[in-house]
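Student: Can you read through this structure? Questions will come right after.
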Amino acid sequence: MIRINMKMRGFVLRRLFSSIFVLLGLSILIFTISRLVPGDVARLALGPEAPQWVVDAYREKLHLNEPLPVQYYIWLTNALHGDFGESITSRRAVIDDFVQYFPATLELVIFSTIITISLSIIIGAYTGRRANSLADNAFRVLSYFGIAVPAFVWAIIGLFLFGFVWNVFPISGQLDTGVIRPPLVTGIMLVDAAIAGNWLAFANHLHHIILPSAVMSIARIAQDSKILRSGMVENLKKDYILAATSYGIPDQTITMKYLLKPSLIPMVSIMGMEVAQSIGGSFIIETVFNWPGFGKYGMKAMLMKDVNPIVASVMLIGASCAFVNILVDIIVAYLDPRIRVMEKAT
């Protein structure tokens, strides 16, 4: 359990406070861009065949006839009350769309992160302890493929092999036809199924989520295991590791107690950015596997030039980045005692 002392609490509060100004700046930027795109925002959103009176009504609804600072003030006031406007694509409030779609993407990202952390630590620690061996060289070559090959290619390969050739995993959606969907509580289906005691839906959904989350984690595993491997190779040369080895401490104890924690710090820092990026970039996986998530929803809004969901989506991704970065800072402070000492000194 990570215990955060008073200084660390102050650090977290400072980060939260600074994140508010970052999100405020992001809101000003994305709102201004959404209003200053070439052409009439209302006409772009409604299409060239929409009657002029419909376009005028939509302009009035978005307050586009007001000065830009007034438009932003109205939008920010509404947003702070949870009102991000209405989507012309779904004909619903944007916040209702987020409640429906975001938990599915969050579930996918969480499951992918669990796979990434588990395999990255195993592969990185194994190859870092056996640098320049045959296994290390083989994993390094495979990691280049994992990073270089685009996500949609891995998605198609995974879908073809595991969905058609070997028929191991389902290829589309969250549940099989005929499986009763659990009542909506959190939006995360595994949690909702467990709360409802619907273990058939739980097992079936778990079967559906494995393939898309595994495909989403391929590039992340390739990159994170390389970073961990590099950190371990570098830390193996440190004096305290050499001293521990000379004392006859078993290699497994040295690895788990003295070597792994400092080597994890660069990987954890990169992983935080990857998690935030996965939330916004999940649309490829969601499209290939027909996963009803936030990324697919946001991409559809962009293609339809649906202004309100676009602005709200960017803000949600920004808030996710801020939250993940604060969480990463806490984890890094736990892994590196020097950071905790610095916090106590400030």
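The values are calculated or read from the model by the stated rules, or taken from the named source; none is laboratory data. Bear in mind the structure is a predicted one, so any value in this text is a computation, not a measurement. Note that we place each Cβ from the backbone using ideal geometry, even for glycine, and neighbour counts take in every protein chain shown.
Student: Any residue that is free of Cβ contacts under 8 Å to residues at least 24 places away in the same chain, assigned by TED's automatic domain parsing to the domain that holds Gly146 and in a helix (DSSP H, G or I) - is there at least one of those in the stretch 214-223?
Tutor: The answer is no, given that none of the residues of the stretch 214-223 is free of Cβ contacts under 8 Å to residues at least 24 places away in the same chain, assigned by TED's automatic domain parsing to the domain that holds Gly146 and in a helix (DSSP H, G or I).
Student: What are the residues in the stretch 74-94 that are buried (at least 18 other Cβ atoms within 10 Å of the Cβ) and either in contact with a Phe, Trp or Tyr (Cβ under 8 Å, 6 or more places away or on another chain) or within 15 Å of Ile317 (Cβ to Cβ) (or both), if any?
Tutor: Trp75, Ala79, Phe84, Gly85, Ile88, Val94
Student: Tell me which residues, restricted to the stretch 57-69, are part of a helix (DSSP H, G or I) and closer than 15 Å to Ser34 by Cβ. Write out each step before concluding.
Tutor: So the first thing to find is which residues in the stretch 57-69 are part of a helix (DSSP H, G or I), and the list is 57-61, 68-69.
Scanning the stretch 57-69 gives Tyr58, Arg59, Lys61, Leu68, Pro69.
Student: Further question: Please enumerate the residues belonging to the stretch 178-202 that are more than 24 Å from Val288 (Cβ to Cβ), of a type outside the set (Ser, Thr, Tyr) and not in a helix (DSSP H, G or I).
Tutor: Within the stretch 178-202, Ile180, Pro182, Pro183, Leu184, Val185, Gly197, Asn198 qualify.
Student: Sticking with this structure for a sec: Can you tell me which residue within the stretch 123-155, out of those that are of a type in the set (Val, Ile, Thr) and either surrounded by 18 or more Cβ atoms within 10 Å (Cβ to Cβ) or in contact with a Ser or Thr (Cβ under 8 Å, 6 or more places away or on another chain) (or both), is farthest from Glu234 (Cα to Cα)?
Tutor: Selected residue: Ile123.
Student: Of all residues in the stretch 240-286 being in the same structural domain as Ile218 (by TED's automatic domain parsing) and acidic (Asp, Glu), which is farthest from the chain's Cα centre (by Cα)?
Tutor: My answer is Glu286.
Student: Would you check which residues across the stretch 224-241 are closer than 21 Å to Asp136 by Cβ, assigned to a helix (DSSP H, G or I) and of a type outside the set (Asp, Glu) and list them?
Tutor: The answer is Ser225, Lys226, Ile227, Leu228, Arg229, Ser230, Gly231, Met232, Val233, Asn235, Ile241.
So that you can scan it fast, the table gives a plain yes or no per residue for (1) surrounded by fewer than 16 Cβ atoms within 10 Å (Cβ to Cβ); (2) at pLDDT 95 or above; (3) more than 30 Å from Leu236 (Cβ to Cβ):
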residue: Thr105; (1), (2), (3): no, yes, yes
residue: Phe164; (1), (2), (3): yes, no, yes
residue: Val191; (1), (2), (3): yes, yes, yes
residue: Ala203; (1), (2), (3): yes, yes, yes
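Student: Pick out the one residue from Ile115, Ile171 that is in the same structural domain as Trp199 (by TED's automatic domain parsing), at pLDDT 95 or above and surrounded by 14 or more Cβ atoms within 10 Å (Cβ to Cβ).
Tutor: Ile115
Student: Right, something else. Anything in the stretch 266-308 that is on the phi > 0 side of the Ramachandran plot and of a type in the set (D, E, K, R)? List them, or say none.
Tutor: We begin by selecting, within the stretch 266-308, every residue on the phi > 0 side of the Ramachandran plot; these are 290, 305.
Hit for the stretch 266-308 is Lys305, nothing else.
Student: Any chance the stretch 315-325 includes a residue that's in contact with a helix residue (DSSP H, G or I) (Cβ under 8 Å, 6 or more places away or on another chain), closer than 23 Å to Ser112 by Cα and assigned by TED's automatic domain parsing to the domain that holds Ser112?
Tutor: Taking every residue of the stretch 315-325 in turn, none turns out to be in contact with a helix residue (DSSP H, G or I) (Cβ under 8 Å, 6 or more places away or on another chain), closer than 23 Å to Ser112 by Cα and assigned by TED's automatic domain parsing to the domain that holds Ser112.
Student: Can you find a residue in the stretch 165-177 that is in a helix (DSSP H, G or I) and either more than 17 Å from Ser282 (Cβ to Cβ) or not small (Gly, Ala, Ser) (or both)?
Tutor: Looking for residues that are in a helix (DSSP H, G or I) and either more than 17 Å from Ser282 (Cβ to Cβ) or not small (Gly, Ala, Ser) (or both), one finds at least one in the stretch 165-177, hence yes.
Student: Sticking with this structure for a sec: Just for the stretch 12-71: of the residues that are basic (Lys, Arg) and closer than 28 Å to Val332 by Cβ, which one is surrounded by the fewest Cβ atoms within 10 Å (Cβ to Cβ)?
Tutor: Arg14
Student: Whether any residue in the stretch 98-119 is part of a loop (DSSP other than H, G, I, E, B) and in contact with a helix residue (DSSP H, G or I) (Cβ under 6 Å, 6 or more places away or on another chain) is what I want to check.
Tutor: No, the stretch 98-119 contains no residue that is part of a loop (DSSP other than H, G, I, E, B) and in contact with a helix residue (DSSP H, G or I) (Cβ under 6 Å, 6 or more places away or on another chain).
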